[in-house]
Amino acid sequence: MTRKELISDTLAYFEQQGFSKTIDAISEYSPNADLYYRKIGGSRYIVINHFNKKRRFDLQGFDCWLSEYSTESEIGKKSALKIDSIVLSFRLDQDQTLLESHFS
């Protein structure tokens with residue numbers, strides 16, 4: 001599988017799994033990154049930043065975080081109350097089970 005296919009498959013997976021999308025306007029995760037997020041309970045969200053989205057595919061990737069926000073509308077606009085990494089350099093083909101272990 002090429003890096004381009006891996007990026008494309010990962011983005012399709014986020015859509016299939018009901019992730020919402022916003023922009024990291026405050027550069028909390030990565031400057032101007034697309035953020036994909038999904039509520040997993042209470043004030044906790046899985047947040048995934050797509051770094052280097054405008055660069056070559058071999059430089060692009062995803063980091064996966066467990067973050068807390070007062071409201072969903074704050075994601076990408078205000079600092080999280082708490083952030084813990086789940087996996088940096090997330091790869092769908094290797095880390096899907098780990099990610100899904102956080103789904104309700």
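Tabulated data
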{"item": "Enumeration of residues in region 1-26 that are within 26 Å of residue 44 (Cβ to Cβ), surrounded by 12 or more Cβ atoms within 10 Å (Cβ to Cβ) and polar (S, T, N, Q)", "result": "10, 17, 20, 22"}
{"item": "In region 80-96, the residues that are small (Gly, Ala, Ser) and closer than 21 Å to residue 42 by Cα", "result": "80, 85"}
{"item": "Residue that is surrounded by the fewest Cβ atoms within 10 Å (Cβ to Cβ) [pool: residues in region 32-42 that are touching a residue at least 40 places away in the same chain (Cβ under 8 Å) and out of contact with any Gly (no Cβ under 7 Å at 6 or more places or on another chain)]", "result": "41"}
{"item": "Subset tally (residues that are of a type in the set (Gly, Ala, Ser) and touching a strand residue (DSSP E or B) at 6+ places or on another chain (Cβ under 8 Å)) for region 1-41", "result": "4"}
{"item": "Considering residues of region 48-63 that are touching an Asp or Glu at 6+ places or on another chain (Cβ under 7 Å) and without any contact (Cβ under 8 Å) to a residue 24 or more places away in the chain only, the residue surrounded by the most Cβ atoms within 10 Å (Cβ to Cβ)", "result": "51"}
{"item": "Only listed residue being of a type outside the set (D, E, K, R), crowded, with 18+ Cβ neighbours inside 10 Å and in contact with a helix residue (DSSP H, G or I) (Cβ under 8 Å, 6 or more places away or on another chain), chosen from 45, 69, 29", "result": "45"}
{"item": "Among (1) buried (at least 17 other Cβ atoms within 10 Å of the Cβ); (2) in a strand (DSSP E or B) - the single one residue 80 does not satisfy", "result": "(2)"}
{"item": "Failed item in (1) under 25 Å from residue 6 (Cβ atoms); (2) out of contact with any Asp or Glu (no Cβ under 6 Å at 6 or more places or on another chain), with residue 66 passing the rest", "result": "(2)"}
{"item": "Residue selected from region 18-31 under the condition out of contact with any Gly (no Cβ under 9 Å at 6 or more places or on another chain) and either in contact (Cβ under 8 Å) with a residue 40 or more places away in the chain or among the aromatic types (Phe, Trp, Tyr) (or both), by the criterion nearest to residue 79 (Cα to Cα)", "result": "20"}
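None of the figures in this text is laboratory data; all of them are computed from the coordinates on show. Note that the coordinates shown come from a computational prediction; the quantities given were computed from them, not determined experimentally. All Cβ positions, even for glycine, are placed from backbone atoms using ideal geometry, and neighbour counts span all protein chains on display.
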